[in-house]
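What follows is one structure encoded as structure tokens, with my remarks underneath.
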Amino acid sequence: MSHEVTLMSRAGCHPCEIAKGELARICGELGVPWSEVDVDSDRELRAEYGDRVPVILVDGREHGYWRVEEARLRAALA
């Protein structure tokens, strides 16, 4: 089963930059595609995620927010 990871973030967000680096490393090691979506690009996304960014989605479902929990993410992608 293939997975997909999405990082919900915003420009100028230091925790988002940290999460982006961690996702690039982890997903790169596992060969899992990932993408980044700027929540400020869409009013509905901004309303949904507000100040909780970064939010990590796995296969379109919320997996966690504020930081990447590496062991938990690796387990979800295994």
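Restricting attention to segment 60-78, which residues are surrounded by fewer than 18 Cβ atoms within 10 Å (Cβ to Cβ), of a type in the set (A, V, I, L, M) and in contact with a strand residue (DSSP E or B) (Cβ under 9 Å, 6 or more places away or on another chain)?
Ala76
Just the residues that are among the basic types (Lys, Arg) and either over 12 Å from Glu4 (Cα atoms) or touching a residue at least 12 places away in the same chain (Cβ under 8 Å) (or both), please, taken from segment 42-78.
Result: Arg43, Arg46, Arg52, Arg67, Arg72, Arg74.
So, in segment 1-59, of the ones that are polar (S, T, N, Q) and over 17 Å from Ala78 (Cβ atoms), which residue ends up most open to solvent (accessible area, probe 1.4 Å)?
Ser41
The values are calculated or read from the model by the stated rules, or taken from the named source; none is laboratory data. Computed from a predicted model, the values in this text were never measured in an experiment. We place every Cβ from the backbone using ideal geometry, glycine too, and count neighbours over all the protein chains shown. Ligands, DNA and RNA are stripped out before the accessible areas are found, and what is left, the full protein with its side chains, is counted by its heavy atoms. Shrake-Rupley method; radii C 1.70, N 1.55, O 1.52, S 1.80 Å.
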